[in-house]
Amino acid sequence: MSHEPAPITSAPADDQDTVLRTDVLVLGGGPAGTSAALAAAAAGAGVVLADKGWCGTSGAAASSGVGVWYVEPDAVAREEAKASREGLGGFLADHDWMDGVLDETYSRVGWLAERGYPFPVKEGGRQARGSLQGPELMRRLRREVVRARAKILDHSPVLELLQDDDGMVTGATGVHRQTGRSWTVHAGAVVVATGGCAFLSGGLGCDVLTGDGHLAAAEVGAELSGMEFSNAYAIAPAHSSVTKTAFYGRASFRYADGTIIEGAGSARGRSVIARTLLEQPVYAVLDGWAPEHHAWLRRSQPNFFLAFDRAGIDPFVDAFEVTMRLEGTVRGTGGLRIVDAECATTVPGLYAAGDAATRELICGGFTGGGSHNSAWALSSGTWAGRGAARHAVADPATGRTGRPAGTVGLGPVASAGTGGPTAREVVQAVQDQVQPYDINLFRTGDGLAHARGVLDGLWSEVRGGLAPADGARGAVRIREAAAMVAHARWMYEAAARRTETRGMHKRQDFPEQDPAQRHRLVVGGLDTPWVRVSPLAGESPAAPRPESALGAAGGGTAAVAA
């Protein structure tokens, strides 16, 4: 690639707004965002990465250990891996994309091993590469991004994208949360890796995951897919934010009097638990684990046990109250629609990766925590960064000037109405429609219609103007609230259209899977959400394959002051 990335320049002072120009702007600093930054830099592009939190510690992956869909390149093992969840996902996954993710994940995890990631060693001396410790993973990925000379803007959430007269995305604007100053990055391409939307429901690491990137992308015309598969709930102790659920596979669930709840530990256990929670508390004990496993469990997920230890609870012996926290598109599969093998969206210059992008291509309508999600983040981030770099070099941003494309909750409109609701009130109103199990988990046509009516009215209030915000930082809260309203409306529009039960989408009035609805549902729009059917045949582009390991990046960072 014959392209010379921009040299590094000094950062502006805290009392000045930041204005930079680069080849590729990555929004989000989790596994997908850092993978995108590394791939773009390795392709010779200058890179700026803007993270809502502190890149390396924010987001769901950074908070705990995660599984990873790592399968040795054995034909039989790969086929078994693909088949293992295909039925759970409603047979909507694409085998070519699954093959591509398995290949890319194998390459990326190998790349981590080459750089000294401390995988545990099994008998015989082979590394166990099926899981990753989030804090260690993100510490190393941030270090690699710094080594690749990408410029990192920490605590810098995006507010809106920039778009030129031809419809090309040419950068983004946002705010530095610690200083209150604004930032603007003009770029040849933008990767949205801002994570999913968990509706501020209290899940560990999910408070930064409010769907801001999806809202910004929709404002420039991007489409979404799989949004009906966004009602994932995770079991958690009632006194804790930890939504890691693997250990509950050997738990017993009980009523307050200690009686076992029949079926709560089965494959359909979460539905049983949720139905019980509609009427009374549920308690759990991790009593299915043999004592010799306890120390190993504590080593593998230390933060899982931290809240128990602080509360004086021995979860292997003592019953503790549990709840189910909504994780939305963080653990669901809906997100921005991808239209080619480099994770481009429907908008030129805009790419998507990780939880911000639809995972239907490899998961269909069902996914769990970690595993496929981690593999998708590493793989799609790599492909999106590579694709964005190619696009930026072919059509550099040096001659393009885009305008802010935000339409909701920004500028004078954000505080136009003196009697408008506050951002916190809007968030609560959205949560009232998306968190209850009897609305979002056990779906019915009537329940969806009522929720959609409430959310439509809420969107009109957001459009009309919220209560005055507290400067630039307040604008972030307003955009979060608007993004959550938009997410809920997309979810329920698609859920109303899919009149069947498939994957994690469960319609009580249509309890069977309908073979005629084995297709994807594409959604979009803000003031008037729309839905269209996308047939599976010929719908998925050919999946990419690894080009090479991501060695030392050839580019420098990324950015020059504009």
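The values are calculated or read from the model by the stated rules, or taken from the named source; none is laboratory data. Keep in mind that what you see is a predicted model, and the values were worked out from it rather than measured. Cβ atoms come from the backbone with ideal geometry, glycine included; neighbour counts cover every protein chain shown. Note: areas computed on protein heavy atoms with side chains; ligands, DNA, RNA excluded. Shrake-Rupley method; radii C 1.70, N 1.55, O 1.52, S 1.80 Å.
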One finds the C-alpha centres of the range 97-151 and the range 205-250 to be spaced, in Å, by 23 Å
Using a probe of 1.4 angstrom, how much of the accessible area of the chain is carbon and sulfur, in percent?
51 percent
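Counting Lys and Arg as +1 and Asp and Glu as -1, each charge on the Cβ, what is the dipole of the chain about the Cα centre in debye, to the nearest 20?
My answer is approximately 760 debye.
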By its C-alpha gyration tensor, with a ≥ b ≥ c as the square roots of the eigenvalues, how is the range 419-511 shaped: rounded for a/c under 1.5, else prolate for a/b larger than b/c, else oblate?
prolate
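For the ranges 337-350, 64-77, what's the packing order if you count other beta-carbon atoms within 10 Å of each residue, average per peptide, and put the highest first?
Packing order, densest peptide first, comes out as 337-350, 64-77.
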I need the peptides 431-443, 106-118 ranked by packing, meaning the mean over residues of other C-beta atoms within 10 angstrom, with the highest value on top.
431-443, 106-118
Separation between the Asp456 and His95 pseudo-spin-labels, each 7 Å from Cα along Cα→Cβ, expressed in nm?
4.3 nm
So for the chain: antiparallel DSSP bridges make up what percent, rounded to the nearest 5?
65 percent
Accessible area expressed per residue, the chain, with surrounding protein chains retained (probe 1.4 Å, Å²):
37 Å²
Given the rule -39500 (n - 2.57) for each run of at least 4 DSSP H residues, summed and divided by the residues of the chain, what is its mean residue ellipticity at 222 nm, to the nearest 500 deg cm²/dmol?
-10500 deg cm²/dmol
Could you order the peptides 22-35, 165-178 from most to least packed, using the average number of other C-beta atoms within 10 Å per residue?
22-35, 165-178
For the chain: relative contact order, % (alpha-carbon pairs under 8 angstrom, 6 or more apart)
26 percent
DSSP H segments from the chain that extend 24 Å or more along their own axis, Cα-based, with Kyte-Doolittle mean of -1.0 or above:
95-114, 372-394, 445-464, 471-497
